[in-house]
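Nothing in this text is a laboratory measurement; each read-out follows from the coordinates by a stated rule. This one's a predicted model, so the numbers in the text were calculated from it and none came from an experiment. For neighbour counting, all protein chains shown are included, and Cβ atoms are generated from backbone atoms with ideal geometry for every residue, glycine included.
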Amino acid sequence: MKSSVAVFKTLIFLAGLAPLLWLIYRFLNDDLTANPVEFLVHQSGFWGLVYLMVVLSVTPVRRFTRWNGVIKVRRMLGLFAFFYVFLHFSIYLFLDRELYWDEIIPDIVKRPYITLGFTAFLILAALALTSTRGWIRRLGRRWQKLHRLVYGAALLAVVHFWWLVKADIREPALFAVIWIGLMAARFKNAAGQQSKMKK
Amino acid sequence: MLIKNKERYTGREITSEKDYMRRRDFLKLSAWTLTAPALAPVRLFASDEDKNKYTALNAVRNKAMSIGEKPNSWTEITTYNNFYEFGTDKSAPSRNSRAFKPRPWSVAIDGLCDKPGHYQLEDLIPAKKLEERVYSLRCVEAWSMVIPWIGVPLKNILLKAQPRSTARFVEFTSVYRPSEMPGQRAHILDWPYMEGLRLDEALHPLTFLAVGVYGRVLPNQNGAPLRLVVPWKYGFKSIKSIVRIRFTDTMPVSTWQRLAPGEYGFYANVNPEVDHPRWSQRRERRIGTFFKRETQLFNGYADEVGALYKNLDLEKWY
Ligand code: HEM
């Protein structure tokens, strides 16, 4: 049992790393499209959102499979989500806006899609910071409450995506549907547990 | 029988074939748009040698009308395109436009003019009359490229139709062919794509009708077989795959303007002082260079076109 969890963890770790390795491979082949910075902003944002959705699906998957092993990779998945979002923000800051603060500050303050993305980033940063064993102990019951914010962060990220596309909303709409589905699964789950407890 | 059927399946129960197709395409395209940009490397399907697959055109460079910068590569120009008719990812047009048939092609020129007509492309723009112009193209998304176009001044074509004195604007329409243009099977924009210019803008010597690039006929993803090039305006004004040119006395509404009037105006002149609501236009990334550069008013053509807008509030008429 223990070793199967270890294998599972390794597989998830490799899956988390895969987009990064793929991007590095393409970088080495000079194949990051004609506009590498834009491509990297999009790729990192996209994978950040994908892994956020994957983290949110841990609980429904556990309920569905009745296998508690998935819980063991939740933190890792969350940290991968944060890793790609961090990459996204760094690329935006250094490569896209080239640290031109006359663009960055107005972006964050007056462009709603960036304001939302930035809020989501701050939330995820707080969650990543408090993801260690020490913080879990220190925060006690409040830890769980705090980490439920991940649902909000994911929603902000979806709206961020929705507002930034120029015309084609299909991709963000798909993420919105996934988010709603995962929320529904979560609430159904919570309700089910409560009725069980009453019995 | 028929009437009975009609009664039974009214309203929402019935899905018209068109809706059904649209829904199916929605699903198909979503799965595709999600995976394709991430997974398809550009180098696997494109290289500068691809140029040789296209018919060569003979044209002398018009140096007086060209900028001195080195053009972007063939691969850059032909794999990084905004042409939503073939998909919204930048690499989608180069991948999804192979089924498009740009020949034979005819163009209607009509509206307020004395000599309206339907022209075959070869008659409208004879191969002997072509010239090359190197322009920079500044996209509204804050990137730019240097492109060696081949074509003719739009003015030459427009004057042949003899516009009337009542004509004040020119409206352009792109082709509508959902069977060859997968992007048109979804309602992303209000197809067909439309654009417009003021008549004096359209008659300006810089305004160009391109049929080729880099000494070759236009690849499908670049707007084959003929497209507009207005170098002092954002790229979306330079409408592709034109089938109709119409003289009118009312200001045309362009496709992007209709979609988001607060973000895209009729003029769409390159202007570093007027931001897009969602991003700054102060700087641009020239494709192929690392650091951004300052964007120039009218994309550097202030001396040539400034007079057209002498009495225009550029903040209001963005
Ligand atoms: C949880 C945090 C975030 C997530 C999950 C996220 C996700 C995304 C996604 C999915 C895209 C679109 C990618 C595509 O088109 O394929 C995107 C684009 C973008 N994001 Fe974020 N983002 C986040 C935070 C931020 C922050 C903090 C900033 C900057 C302060 C930012 C700036 C941008 C920009 C500039 C774009 C590209 C816009 C464009 O192409 O017009 N994002 N993001």
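Yes/no per residue for (1) within 8 Å of chain B (Cβ to nearest Cβ); (2) under 30 Å from B:Asn81 (Cα atoms); (3) part of a helix (DSSP H, G or I); (4) in contact with an Asp or Glu (Cβ under 6 Å, 6 or more places away or on another chain):
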| residue | (1), (2), (3), (4) |
| --- | --- |
| A:Leu23 | no, yes, yes, no |
| A:Phe27 | no, yes, yes, no |
| A:Val37 | yes, yes, yes, yes |
| A:Leu40 | no, yes, yes, no |
| A:Gln43 | yes, yes, yes, no |
| A:Gly48 | no, yes, yes, no |
| A:Val55 | no, no, yes, no |
| A:Arg63 | no, no, yes, no |
| A:Gly69 | no, no, yes, no |
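Quick one: which residue in B:Leu159, B:Leu137 is surrounded by 15 or more Cβ atoms within 10 Å (Cβ to Cβ) and in contact (Cβ under 8 Å) with a residue 24 or more places away in the chain? Explain how you work it out, then say what you get.
Working: B:Leu159 fails: surrounded by 15 or more Cβ atoms within 10 Å (Cβ to Cβ).
Result: B:Leu137 is the single residue among B:Leu159, B:Leu137 that is surrounded by 15 or more Cβ atoms within 10 Å (Cβ to Cβ) and in contact (Cβ under 8 Å) with a residue 24 or more places away in the chain.
For the stretch A:85-95, how many residues meet the condition of being near the ligand (Cβ under 8 Å from one of its atoms) and farther than 15 Å from A:Leu122 by Cβ?
Going residue by residue through the stretch A:85-95, those that are near the ligand (Cβ under 8 Å from one of its atoms) are A:85, A:88-89, A:92-93.
From the residues that got through so far, the ones that are farther than 15 Å from A:Leu122 by Cβ too are none.
Within the stretch A:85-95, residues that are near the ligand (Cβ under 8 Å from one of its atoms) and farther than 15 Å from A:Leu122 by Cβ number 0.
Take the residues in the stretch A:102-115 that are more than 6 Å from the ligand (Cβ to nearest atom), touching a helix residue (DSSP H, G or I) at 6+ places or on another chain (Cβ under 8 Å) and within 12 Å of another protein chain (Cβ to nearest Cβ); name whichever of them is farthest from B:Trp279 (Cα to Cα).
Taking the candidates together, the pick is A:Thr115.
Hand me the list of strands (runs of 3 or more DSSP E) wholly inside the stretch B:91-142 holding 3 or more residues that are more than 19 Å from the chain's Cα centre (by Cα).
Details: elements: B:106-111, B:117-120, B:131-138.
Of the strands (runs of 3 or more DSSP E) lying wholly inside the stretch B:91-142, those with at least 3 residues that are more than 19 Å from the chain's Cα centre (by Cα) span B:117-120.
Please go through (1) near the ligand (Cβ under 9 Å from one of its atoms); (2) not small (Gly, Ala, Ser); (3) not in a helix (DSSP H, G or I) for A:Leu99 and return the number of the only condition it doesn't satisfy.
(1)
Per-residue answers, yes or no, for (1) without any contact (Cβ under 8 Å) to a residue 12 or more places away in the chain; (2) more than 9 Å from the ligand (Cβ to nearest atom); (3) more than 12 Å from chain B (Cβ to nearest Cβ):
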residue	(1), (2), (3)
A:Trp135	yes, yes, yes
A:His160	no, no, no
A:Ile169	yes, yes, no
A:Ala184	yes, yes, yes
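Taking the criterion of being part of a helix (DSSP H, G or I), buried (at least 16 other Cβ atoms within 10 Å of the Cβ), within 11 Å of the ligand (Cβ to nearest atom) and within 14 Å of chain B (Cβ to nearest Cβ), would at least one residue in the stretch A:119-132 satisfy it?
Scanning the stretch A:119-132 turns up no residue that is part of a helix (DSSP H, G or I), buried (at least 16 other Cβ atoms within 10 Å of the Cβ), within 11 Å of the ligand (Cβ to nearest atom) and within 14 Å of chain B (Cβ to nearest Cβ).
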